[in-house]
């Protein structure tokens, strides 16, 4: 079995994308451009002793999909402790709602958003009382 070990986010404006993910989720970034030979930021999503994966941020090599075109790649979903607080941070950081908060009955709250670069991502709060 092969586990996901790394993810990448493409962006038109790397500084704007770094600010969004820092403000929305508290992620930190490390310049790996010298290793890759082009602008590339390593993404640290949390402490290495906790479950999760880290990724990378790179300049988009082609135009972003048009609004409401659908997703042309994987969608990452972030586990959050407080859905409503996470949504407030996302919106304050410049994100927008793609699909609103929905109850996965008896399991969790789930919703999808667009970052400042037009990329889709989800947030997920486990809650057995979700209705």
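Values in this text are rule-based calculations from the coordinates and carry no lab data. It should be emphasised that the depicted structure is a prediction, and the values quoted were computed from it without experimental measurement. All Cβ positions, even for glycine, are placed from backbone atoms using ideal geometry, and neighbour counts span all protein chains on display.
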Report summary line: Helix 83-92 sits off the longest principal axis of the Cα atoms of the chain, rounded to the nearest 10 on a 0 to 90 degree scale, by 40
Query raised in the report: When the helices in the chain are scored as -39500 (n - 2.57) per DSSP H run of 4 or longer and the sum is shared across all residues, what 222 nm value do you end up with, to the nearest 500 deg cm²/dmol?
Result: -5500 deg cm²/dmol
Query raised in the report: Looking at the square roots a ≥ b ≥ c of the eigenvalues of the Cα gyration tensor of the range 53-108, which shape do they give, rounded for a/c under 1.5, prolate if a/b is larger than b/c, or oblate?
Result: prolate
Report summary line: Percent antiparallel among DSSP beta bridges confined to the range 5-131, rounded to 5, stands at 70
Query raised in the report: Once a ≥ b ≥ c are taken as the square roots of the eigenvalues of the Cα gyration tensor of the range 3-83, is the result rounded (a/c under 1.5), prolate (a/b larger than b/c) or oblate (a/b not larger than b/c)?
Result: oblate
Requested in this report: Sort the following peptides by mean Cβ neighbour count (other Cβ atoms within 10 Å, averaged over residues), highest first: 72-78, 13-19.
Outcome: 13-19, 72-78
